[in-house]
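The values are calculated or read from the model by the stated rules, or taken from the named source; none is laboratory data. This structure is a prediction, so every number in the text was calculated from the model and none was measured. Please note: Cβ atoms are built from the backbone with ideal geometry, for glycine as well, and neighbour counts cover all protein chains shown.
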Amino acid sequence: MELYYFQESERLQFRKMTLGDLTDWTRFFENNEREEYLALGLTSTPKEKAKEWIELQLDRYEKGEFGHLAMVQKESGMLTGVCGLLVRNKESHLDYEVAYSVLPEYWGNGFATEAAKTMKDFAAQHKLHSRVVSWIHPENVYSQNVARKNGMNFNGEEIEFRGILVQVWSANI
């Protein structure tokens with residue numbers, strides 16, 4: 001599925017993350033009040049978190065598990081955030097998660113919704129599964145709004161992820 005790594009939407013281009021994204025992606029973890037929704041360790045520095053995140057994606061790419069892609073604005077060439085399909089095996093059940101995180105300076109511009117729709121459409125076009133999901137912290141109304149705009153619903157399914165309870169938003173594709 002090499003096509004996955006070279007997608008586009010109206011305003012964004014998607015590509016594999018690289019360690020060259022470290023400086024830009026570190027900004028995501030600096031004074032981000034929404035970071036708590038990700039259930040990441042709070043003892044690492046922003047740079048350590050960014051490096052760990054990128055290295056996880058590189059490992060996913062190598063294994064053919066899709067992963068987060070860099071979201072780059074076509075107009076400016078600036079990294080705006082990350083979005084992608086994550087292979088999720090939970091309790092012997094396979095899902096593809098549409099996951100997204102946007103740098104704080106780009107919040108409120110519709111980039112997460114645009115990217116999430118692109119990933120959902122990719123999963124549907126390539127018939128990856130019968131549904132896609134987004135695992136969302138119950139207090140993260142921002143991601144819930146993105147999921148809603150992406151045609152997803154919360155039907156009461158909850159799971160534990162990294163020690164916190166998350167809601168499983170889903171859409172049939």
(message) Could you list, ordered by first residue, the pairs with Cβ atoms under 9 Å in which the first is in segment 20-34 and under 16 Å from ILE54 (Cβ atoms) and the second is among the aliphatic types (A, V, I, L, M) and at pLDDT below 90, at least 6 apart or interchain?
(response) PHE29/LEU40
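Yes or no, residue by residue, for (1) of a type in the set (S, T, N, Q); (2) over 24 Å from PHE28 (Cβ atoms); (3) free of Cβ contacts under 8 Å to residues at least 40 places away in the same chain:
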site: ALA116; (1), (2), (3): no, no, yes
site: HIS126; (1), (2), (3): no, yes, no
site: ASN150; (1), (2), (3): yes, no, no
site: GLY163; (1), (2), (3): no, no, no
site: ILE173; (1), (2), (3): no, yes, no
(request) Identify, from the list LYS90, LYS149, the residue that is in contact with a helix residue (DSSP H, G or I) (Cβ under 9 Å, 6 or more places away or on another chain), over 24 Å from ALA50 (Cα atoms) and exposed (fewer than 15 other Cβ atoms within 10 Å of the Cβ). (result) LYS149
